[in-house]
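Trainee: Sharing a structure here in structure tokens format.
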Amino acid sequence: MEGFHNEGNEEEYPKLVHWPNWEVPVPGKEAIIGFFVTLAISLVLHGFVLWLSSLFRQT
Amino acid sequence: MLLLNWLDLSIIAIYFAMMLGIGLYSARKIKGMDDYYLGGRRFGKWLMTMYAFGAGTHADSAVGVAAQTYKLGISGMWYQWILLFNTPFYFVLAAVFRRARCLTTGDFYELRYGSSLGILYACMGVIINIGFLGMMLLGSGRLLEALTGGQLSFAWSILLITGAFVFYSLIGGLVATVWNEVIQGALTIVMSFLLIPFIYKAVGGVGGFQAKVPNVDELFSLITPGEIGLFWIVAATVNQFFSIVAQPHIMSSMAAGSTELDNRVGFASGLLLKRVCTIAWAFVGVLAIAYYGQGKILGDHVFGSLVRDLLPVGFAGLMIACIMASVMDNGAVFIVATSALFTRNLMRRFREKQDEGLELLASRIFSLVFVAASIALAFSFDDIPSAIRFMWNLVPLIGVAFWLGLWWRRANRYGAWASFFAAAIAWIAGFYVWELKGDSGLPYLITLYLTAGLVAGVLVSLLTPAEPKAALDRFYLTINTPVGQEDKLERLLKLRQQVAEVI
């Protein structure tokens, strides 16, 4: 029963990969949206630091 | 001379009266373990944000970043900045901690691997928290010492801070802590940015900085050759994945929200808020090079000295209130998380009959022992950056087993023990035998112990019997079923059991 997944049953959680012994779930819609929003904010913050640093480097 | 006047002292007194009121009010609401450890899981997004921010932001955060950027330039901010690109993944991960329905991180290890790993984690968790509290006491003590111009010595600073947070945690539990986080969080944000205009003006702006400091390009590069390079950044980022999941207070940071979304948003927002403050701490540290001269004062004293030298009367008092608030709530978080590990994952192993009243009393007595060990450690660290590196190496030793068990059914308790011992031996050998020390040795050391832990965990798991299927089914269904759908969880567990019996 290793790697059991309840195919066809809507109640079973979906898996990202169907390799034996792996249990990586598919992230829900809420998680995916939040992931990209958080990533975007992180990139903006990093860009802000790069911009500030370039201000001080300018001669 | 001691620079505190009546205004500073009044601010400190008002602040403490407010904190005491919140603590005493909160104490009345504690009815059981869930209330004490997770605040009854009733916090919304706003409270969770401030809690995650406050729990991850101590005086040593500002002191450490300013010390490193004062020493290395802006690249020193990576000491806090590395978590920036991990944060999106934590948004996804936060739900797992809530769905595990555990009170402590030790419960999580026990749920996945059985009681022996629960005990191992409890022991490691206590050691980890001693390290975190010791580091926080070191940072706060150095800051108080600098703020008072050395009149309040490092030793006395630590004793004063300790008295405040022990008293606070004993009366309030996590409810008091979370409300304290809100106030402390707001103060920390204000104080982080308040210094910027003062020091900017003091050094004469961009032009003044460039005139006073010859190596501007080098100081404002996010890479420092030989110290903090690309390999350092990648290794430290990967290391954080193994570190954050194994921190004892992570269960309350990620699971005390009233809904799954509250946990996700609260935890990610709290971490992002800390990154915003990190920008301020980092630039303050670099600008201090023009103000004091590079290497002229102790790195750990930079932040406190700037507050003392640049901010108007009354702000030193506000900063001291801010530090005390930070240490009080973070110290309380560590005490709450550590006492939970002690009672739930160690004490219950040796007592058949559960007695919540006795456990609460035992956890409070244990807290005092824990605090004494943290004070001893605070005196043994050289400086904040070396303390941070020590904690970065210590926590992931047990974090490897977390990731193996989270996604891979074949990971078992023997593999988890092997991963811990292999990573620990590799760390000790790398540090003491091959002398992989400081920033230059850090990425090699991280690569060494993470590789050793992962390889040992996989190999030993494959060579030994798997965990019982029923236990694995329960674990994976539990962490993939949202809280509130317990009927569905039980139904699925029964279904799996029936299928197993037929086969």
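Derivation of every value follows stated rules applied to the coordinates shown; laboratory data play no part. Predicted model, so just to flag it, every value in this text is computed and none were measured. Note that each Cβ is placed from the backbone with ideal geometry, even for glycine, and that neighbours are counted across all protein chains shown.
Trainee: Here is the link list: B:Lys353/B:Lys494; B:Lys212/B:Lys274; B:Lys201/B:Lys437; A:Lys29/B:Lys45; B:Lys201/B:Lys274; B:Lys45/B:Lys71. Which ones come out longer than 27 Å on Cα distance? Let's see the in-between values first.
Mentor: Details: B:Lys353/B:Lys494 29 Å; B:Lys212/B:Lys274 30 Å; B:Lys201/B:Lys437 38 Å; A:Lys29/B:Lys45 19 Å; B:Lys201/B:Lys274 25 Å; B:Lys45/B:Lys71 37 Å.
Pairs exceeding the cut-off: B:Lys353/B:Lys494; B:Lys212/B:Lys274; B:Lys201/B:Lys437; B:Lys45/B:Lys71.
Trainee: While we're here: Work from the charge dipole of the protein assembly as shown (Cβ charges, +1 for Lys and Arg, -1 for Asp and Glu, about the Cα centre) and give the residue of B:Phe283, B:Gly118, B:Trp407 farthest towards its positive end.
Mentor: So the residue we want is B:Gly118.
Trainee: If you don't mind, there's one more thing I want to ask. Loop sites only, by DSSP: take the GluC sites (Glu not before Pro) in chain B that have at most 13 other C-beta atoms within 10 Å and name the longest stretch containing none of them.
Mentor: On the way: sites that count: B:Glu352, B:Glu435.
Longest gap between qualifying sites, sites excluded: B:1-351.
Trainee: Can you give the average number of partner chain beta-carbon atoms within 10 Å of each beta-carbon in peptide B:403-413, as a whole number?
Mentor: Mean inter-chain Cβ contacts per residue within 10 Å come to 3.
Trainee: Whats the longest run of chain B with zero trypsin sites (Lys or Arg not before Pro) that are DSSP loop and have at most 16 other Cβ atoms within 10 Å?
Mentor: Here the longest segment lacking exposed loop sites spans B:43-295.
Trainee: With axes computed from alpha carbons, what is the tilt in degrees of helix B:45-56 against the longest principal axis of chain B, rounded to the nearest 10 within 0 to 90?
Mentor: Helix B:45-56 and the main axis of chain B meet at about 70 degrees.
Trainee: So if we plug the beta-carbon distance of A:Phe36 and B:Phe421 into 1/(1 + (r/R0)^6) with R0 = 35 Å, what FRET efficiency do we get, rounded to 0.05? Don't skip to the end; give the middle numbers.
Mentor: Working: r = 39 Å, r/R0 = 1.11.
The formula returns an efficiency of 0.35 here.
Trainee: Using a 10 Å cut-off around each Cβ of peptide A:14-27, what is the average number of partner chain Cβ atoms that fall inside? Can you show the working numbers first?
Mentor: Values: counts 1, 2, 1, 1, 0, 1, 2, 8, 4, 11, 3, 8, 1, 4.
Partner Cβ neighbours, averaged per residue: 3.
Trainee: Still on this structure, I have one more. In whole percent, what relative contact order does the stretch B:6-383 give with Cα contacts below 8 Å and a gap of six or more residues? Provide the component values of the computation, followed by the final result.
Mentor: Working: 608 pairs, mean separation 153.9, N = 378.
Across the stretch B:6-383, relative contact order equals 41 percent.
Trainee: Moving on. Rounding to the nearest 10 and keeping the result within 0 to 90°, find how far the Cα-based axis of helix B:6-27 lies from the longest principal axis of chain B.
Mentor: 10
Trainee: Tell me, how many Å apart are the Cα centres for the stretch B:253-329 and for the stretch B:436-503?
Mentor: One Cα centre to the other: 37 Å.
Trainee: Let me ask something else. If amide hydrogens are placed 1.01 Å from N in the peptide plane, which non-local residues have theirs closer than 5 Å to the one on A:Lys15?
Mentor: The answer is A:Val26.
Trainee: Might you report the magnitude of the Cβ-based charge dipole of chain B about its Cα centre, with Lys and Arg at +1 and Asp and Glu at -1, to the nearest 20 debye?
Mentor: Values: 36 positive and 30 negative charges, 213 e Å.
My answer is approximately 1020 debye.
Trainee: Between B:Lys201 and B:Ser115, how many nm apart are label points set 7 Å from Cα along the C-beta direction?
Mentor: Those two pseudo-labels are separated by 6.5 nm.
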